[in-house]
């Protein structure tokens, strides 16, 4: 077959976007002009119903809108559906599962690792996506979606979208199996043992697995005492280390026809991974597959510290695509501060952007609030080794060179801080140098929307909780995070009015310092959870150092200054300069933001035993807001070199921001793990271990509660609490013997049951 005879291939290989767009339109596709990956038009809903005419396409080109070309999916384009596989493992996995669907027109994306698979479906499916799966992002785009088409250029890499398979678009009756496959990778909500149900959409059969391997796995789980639920075997997760307290309420299921596994914490598991974990060698059974296995790149990861429903963090970060200025900053900061975790440099760079913007961008959220991109960031690590203060000092250096007037003075008391936020000049203003006077004068219109640097932020918490003169500071900081329009305080010097606030804080501390300074109320009342609580990434590695010290690159300073100056400036009034106005963002990712917030909220459902630390529930409740702020910063950077009136917060910005937010979620879990290694947590673990050992020593006879708590020298109530923890973990089983609470090690019960079966007893 000559590719020249295939119209879509010819269109994809056009020399420019105009020719490509006209060629796609002639085929019958509805096309769009794109800026990078985002439609250049403020609204494009009409092109989801009726394709653009040739005259319209030419007008886009004359107006400079046709930088790239996009194709609208769905009904308007003859029921076009595009499978977007973002990640190196996605396409091999798809091709292995659906080889017949792989023989169609396919595009290699400009990002370098993704594929777009084009299909026509007689029965059009709904758009479905599963993000941050073990094999990457999976998205089936239909009505309401568009896709970047060749020969467009990727906005970050500068590489073209190109034809991978020069075939005509395959037409199929439906894509129900493909939808089911994608749905199977979506994380599921944790449920209690008594309410366990098989996941609704896990693939079943027809996956070329060796049936002898599937049978061996089923026999293994039967032997482990797993319960039968139709085609499922249900029991404890094969990765108990991924659960915060072990799999207290067994959440794992093995599908006896497909060979897939699924845990409501760990997600979907492939047969080859299950085999490796339980000690079954597929080679001993004739191999994993009945046909040659497609190689899917595997990435080893330690999820022992991962939170519930946590995607593979290293994979996420590898897929993170950062805007140009932030990459420049990280290149410099990562080399200059080569011993500092990159998560610290990344957060410091985001903080710099939030300070440069202040309160001049906002999104109008569907739930009725305005969200501004200000940030509270805390870098937490042990002293010396991680060089956390280096990230702090490098960010400070950039801020003082690019936007010095946007930095706040350190608060001495709530009243003095309030006065600074109100723009009140210090009493010794006349004695300052001309440069100092100029900086303070320039800062006045931005008085309440600046950045605060706090080298030992735990000391601030300590002062708030212990010093009488700091009374009211906690409430003030909580209020400022939410960016109030007005905040009036009656101080000793009179009424102090703070307007248009958007404070951003960057601080550093140690786990020990934070543990000593904060109280339970700091978690409960919401101040601490407003911070991004960042700890070194699990795969931290020291990077090569620069041979000589490199000063802040000019493009880093100028880029940050350019962003600050492009946004609206202070307004002239009869009494001087007022605070600058704010631009309303063009937000196109609210559904994704809400979906992310809902998923995190479900993990905090009090009706479920989610095994989620109470301190983390507040963190989870704020993460979607953190993610939106990050998405806003990404959008602002992409907007910097455009002529658009306002930044557009796209799905791509959201995806990258969610990756950042998920790394912050993991970080919060790591922090609590560090905080809980001392004090009561260690004591509780020791008591649990002692109780379990005592029960083991009694063998098949078991022991009553009274004997156990006396042996451990704890109260009856405490003994019962410890025993119930072990019961929920599946390590011991409770019995009633003559009305007494009796506990037996679960393994002895299983051994006894096996012996009875072997001996033919019932």
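Of note:
- Criterion (touching a helix residue (DSSP H, G or I) at 6+ places or on another chain (Cβ under 9 Å), modelled with pLDDT under 90 and not assigned by TED's automatic domain parsing to the domain that holds residue 280) met by exactly one of 168, 206, 177: 177
- Within the stretch 416-438, residues that are outside the structural domain of residue 483 (by TED's automatic domain parsing) and under 18 Å from residue 448 (Cα atoms) have Cβ atoms under 7 Å from residues that are part of a loop (DSSP other than H, G, I, E, B) and modelled with pLDDT of 85 or more in no pair, counting only partners at least 6 apart in sequence or on another chain.
- You will find that of 498, 557, the residue that is closer than 18 Å to residue 478 by Cβ and not in a loop (DSSP other than H, G, I, E, B) is 498 and no other.
- Every listed requirement among (1) modelled with pLDDT under 80; (2) crowded, with 21+ Cβ neighbours inside 10 Å; (3) under 24 Å from the mean Cα position of the chain (by Cα) is met by residue 249 save one, (3).
- When residues of the stretch 209-246 are limited to those that are surrounded by fewer than 17 Cβ atoms within 10 Å (Cβ to Cβ) and touching a helix residue (DSSP H, G or I) at 6+ places or on another chain (Cβ under 7 Å), the one modelled with the lowest pLDDT: 225
- Residue check, residue 563 modelled with pLDDT of 95 or more, in contact with a strand residue (DSSP E or B) (Cβ under 8 Å, 6 or more places away or on another chain) and surrounded by 14 or more Cβ atoms within 10 Å (Cβ to Cβ): no
- In the condition set (1) under 25 Å from the mean Cα position of the chain (by Cα); (2) surrounded by 22 or more Cβ atoms within 10 Å (Cβ to Cβ); (3) not in a loop (DSSP other than H, G, I, E, B), residue 129 is compliant with all but (2).
- Per this entry, residue 66 is counted among residues that are in a loop (DSSP other than H, G, I, E, B) and crowded, with 23+ Cβ neighbours inside 10 Å.
- Output for the stretch 422-443, where each listed residue is within 38 Å of the chain's Cα centre (by Cα) and under 18 Å from residue 495 (Cβ atoms): 422, 423
- Matching entry among 158, 144 (being touching a helix residue (DSSP H, G or I) at 6+ places or on another chain (Cβ under 9 Å), part of a loop (DSSP other than H, G, I, E, B) and surrounded by fewer than 17 Cβ atoms within 10 Å (Cβ to Cβ)): 144
- Qualifying position, being modelled with pLDDT under 85 and either surrounded by fewer than 16 Cβ atoms within 10 Å (Cβ to Cβ) or closer than 30 Å to residue 350 by Cβ (or both), among 760, 730: 760
- Residue in the stretch 352-361 that is part of a helix (DSSP H, G or I), closer than 24 Å to residue 546 by Cα and at pLDDT 95 or above present: yes
- In the stretch 180-192, the residue that is farthest from residue 120 (Cα to Cα) out of those that are surrounded by fewer than 17 Cβ atoms within 10 Å (Cβ to Cβ) and at pLDDT below 80 is 192.
- The residues of the stretch 363-388 that are crowded, with 19+ Cβ neighbours inside 10 Å, outside any loop (DSSP other than H, G, I, E, B) and over 21 Å from the mean Cα position of the chain (by Cα) amount to a single one, 388.
- Among the numbered conditions (1) surrounded by fewer than 19 Cβ atoms within 10 Å (Cβ to Cβ); (2) assigned to a helix (DSSP H, G or I); (3) at pLDDT below 90, the only one that residue 397 does not meet is (3).
- The set of residues in the stretch 570-586 being without any contact (Cβ under 8 Å) to a residue 40 or more places away in the chain and either assigned to a loop (DSSP other than H, G, I, E, B) or assigned by TED's automatic domain parsing to the domain that holds residue 41 (or both) consists of 574, 575.
- Among the residues making up the stretch 101-118, a single one is part of a strand (DSSP E or B) and surrounded by fewer than 20 Cβ atoms within 10 Å (Cβ to Cβ): 108.
- Of the numbered criteria (1) more than 27 Å from residue 340 (Cα to Cα); (2) modelled with pLDDT of 80 or more, the one residue 519 fails is (2).
- Candidates 412, 423, 427 - the one that is surrounded by 15 or more Cβ atoms within 10 Å (Cβ to Cβ) and assigned to a loop (DSSP other than H, G, I, E, B): 423
- Looking across the stretch 31-51 at every residue that is in contact with a strand residue (DSSP E or B) (Cβ under 6 Å, 6 or more places away or on another chain) and in a loop (DSSP other than H, G, I, E, B), the one that is surrounded by the fewest Cβ atoms within 10 Å (Cβ to Cβ) is identified as 44.
- Residues (surrounded by 22 or more Cβ atoms within 10 Å (Cβ to Cβ) and in contact with a strand residue (DSSP E or B) (Cβ under 7 Å, 6 or more places away or on another chain)) located in the stretch 434-452: 448, 450, 451, 452
- When residue 616 is tested against the conditions (1) modelled with pLDDT under 90; (2) surrounded by fewer than 18 Cβ atoms within 10 Å (Cβ to Cβ); (3) at negative phi, the lone failure is (2).
The values are calculated or read from the model by the stated rules, or taken from the named source; none is laboratory data. The shown structure was predicted, so the numbers you read here are calculated from the model rather than taken from an experiment. Counting neighbours? That spans all protein chains shown, and the Cβs are built from the backbone with ideal geometry, glycine included.
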